[in-house]
Amino acid sequence: MARIFFLLALFCLQTATAIGQAYVPIVSTADSSDIWADIHSCTDFDCWWAYRNIYTVDGTISAGGSEYVKFNRNTEYEQGSDLGLWCTESLSTSEAIIGIREENKRVFVLPNPTSQQSEEYLAYDFNLTVGDTVPDPYYYQSPGGLSDFDLIIHTIDSVFISGTWRKRYQINSLPDIIEGVGSSSGLLNPLNFAWSGACAISLNCYVEQGVADYFTSNCELPLSNSSFPAPPQSRELQKIVDCMGRERKAAPNTLLFYIYTNGDVEKVFRVE
């Protein structure tokens, strides 16, 4: 417990940096070595399928009068069966190019920069604040209407990733949004995919300068039933403390630390 309080005090000394840190872009240079790995999987009775996506940066590409950072996406698709005899087993791979550009802390994605029919969409806007609605691009929606998900920002705090503080948006749905990374559900803002006991999507790994940090659950992503995103570990809030380790009640405009029964400690600064 003494170690926890020492870390809390250390975080308090860095509060000004954590809350007012400089903006961290998705890619700082066109030759970035960053890697993103996400997986989208579903089960249907005893059948299952999974998409494994690996994103790497490969220079720049021009399209529609704009210059984009060129992302290579390598995808493996696998489907199979545990017990269902009627399920078809298969494994296939595919490649794609995706363009991403940033302007005034806004991240735009062009799904296919080699096609004149491809249209860019706003994936993230890091100018938003508590109470705002995050971008919900039609590219990821079911045809015919808006997303059913409540994508309103309820908390903004900071997390320390790869040596820098990153602003984190917590929204009223399962994923978080983090500067320089994207969404906890994937790089390209798949925020409104169906979340259920049968389907899941998650950013499993983020690598910067050759080192995985924060998202490190499965950087290799072997495609098997065991690689499906596991349900989150059960945890309960144990207590809330301030920088000195004193128990407090939740309050706005105050740096607090939420300590959970599974050992997690979250630094929270809610703006009101």
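The values are calculated or read from the model by the stated rules, or taken from the named source; none is laboratory data. Remember, predicted model here, so these are calculated numbers, not experimental data. No Cβ is skipped: glycine too gets one built from the backbone with ideal geometry, and neighbour counts run over all protein chains shown.
Remarks
- Test: residue in the range 81-96 that is under 20 Å from the mean Cα position of the chain (by Cα), modelled with pLDDT of 85 or more and among the β-branched types (V, I, T): no
- Contact map, the range 99-110: residues that are in contact (Cβ under 8 Å) with a residue 60 or more places away in the chain paired with residues that are part of a loop (DSSP other than H, G, I, E, B) and of a type outside the set (A, V, I, L, M, F, W, C), Cβ distance under 8 Å, separation 6+ or inter-chain. Pairs shown: E102/P25; K105/Y23; K105/N127; V109/E120; V109/P137; V109/N189.
- Whichever residue in the range 15-29 is in contact with a Lys or Arg (Cβ under 8 Å, 6 or more places away or on another chain) and part of a loop (DSSP other than H, G, I, E, B) and, among such residues, is modelled with the lowest pLDDT: Q21
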